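The values are calculated or read from the model by the stated rules, or taken from the named source; none is laboratory data. Just so it is clear, the model here is predicted, and its values are computed rather than measured. Note that we place each Cβ from the backbone using ideal geometry, even for glycine, and neighbour counts take in every protein chain shown. The area values use the complete protein model at the heavy-atom level, side chains included, leaving out ligands, DNA and RNA. Shrake-Rupley method; radii C 1.70, N 1.55, O 1.52, S 1.80 Å.
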Amino acid sequence: MQFSSKYEYTLLALLELATAYPKGEYLHIRQIAELQNIPSRYLEQILATLRKGGLIQSTRGSKGGYILTREPSEITLLDAFNCIEGGSGIAAFTTNQSIGKKVVQSFCLEAYQAVNSVLQQYTLQDLRERQENQSQTQLMYYI
């Protein structure tokens, strides 16, 4: 299964916001775009959707920008997915479907539920910790 680039960009932006959250720092679109190499115009749309979904808030002005509305440990990857992708599921069964179509839809529903289960298990804090672990691993020098 492959996630959309929109969702991947969303997670990258949220990861930057999660990193800044403990310091109470607001990040500007320009900062996030440069740090994660995300097109600014596209990032504007993503952040607007996240703000409407209640995952982030914004403040205007030179000290303004974007910040998470909750602790990174309280925002699951499923929260982000549902906000950006609309939480759309598998279409409901209808009575006049072929047996083959019902079997395929049943499989798709099971796969969708499995993905949701995994996304529900992980938070932005988990992503942040993984990023820190990767950074520390890359800094190791051997003599």
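Among (1) 2, 10, 20, 23, 23, 15, 6, 1, 0; (2) 2, 9, 14, 14, 11, 10, 9, 7, 6, 5, 4, 3, 2, 2, 1, 0, 0, 0; (3) 2, 9, 17, 19, 17, 12, 9, 7, 5, 3, 2, 1, 0, 0, which is the computed P(r) over Cα pairs in 5 Å bins from 0, in percent?
Among (1) 2, 10, 20, 23, 23, 15, 6, 1, 0; (2) 2, 9, 14, 14, 11, 10, 9, 7, 6, 5, 4, 3, 2, 2, 1, 0, 0, 0; (3) 2, 9, 17, 19, 17, 12, 9, 7, 5, 3, 2, 1, 0, 0, the one calculated here is (3).
In the chain, with Lys and Arg counted as +1 and Asp and Glu as -1 at Cβ, which of these residues, T137, N96, A18, has the Cα nearest the positive end of the dipole, that is, farthest along it?
N96
Angle, helix 5-20 long axis vs. longest principal axis of the chain, Cα atoms, 0 to 90°, nearest 10?
40 degrees
Enumerate by residue number the chymotrypsin sites (Phe, Trp or Tyr not before Pro) in segment 1-110 meeting two conditions: DSSP loop (anything except H, G, I, E, B), and at most 14 other Cβ atoms within 10 Å of the site's Cβ. Intermediate values should be presented prior to the final figure.
On the way: sites: F3, Y7, Y9, Y26, Y42, Y66, F81, F93, F107; in loops: F3, Y26, F93.
The qualifying sites are F93.
Relative contact order of the chain: what whole-number percent is it, with Cα pairs under 8 angstrom and at least 6 residues apart?
Numbers: 136 pairs, mean separation 37.2, N = 143.
Relative contact order for the chain comes out at 26 percent.
What list of ³J(HN,Hα) values in whole Hz, one per residue of segment 121-135 in order, does the Karplus curve 6.51 cos²θ - 1.76 cosθ + 1.60 (θ = phi - 60°) give from phi, with Gly and Pro shown as x?
With coefficients 6.51, -1.76 and 1.60, one gets 6, 10, 10, 5, 4, 4, 4, 4, 5, 5, 5, 4, 4, 5, 5 Hz.
List the residues, sorted by chain then number, that are 5 or more residues from S58 or on another chain and whose placed amide H is less than 5 Å from its amide H.
Counting only residues 5 or more places away or on other chains, the set is empty.
Per residue, how much accessible area does the chain have with a 1.4 Å probe, in Å²?
Details: 9450 Å² over 143 residues.
The answer is 66 Å² per residue.
Relative to the Cα centre, what is the charge dipole magnitude of the chain, using +1 at the beta carbon of each Lys and Arg, -1 at the beta carbon of each Asp and Glu, and rounding to the nearest 20 debye? Please list the in-between numbers first.
Details: 13 positive and 13 negative charges, 90 e Å.
Around 440 debye, computed over the chain.
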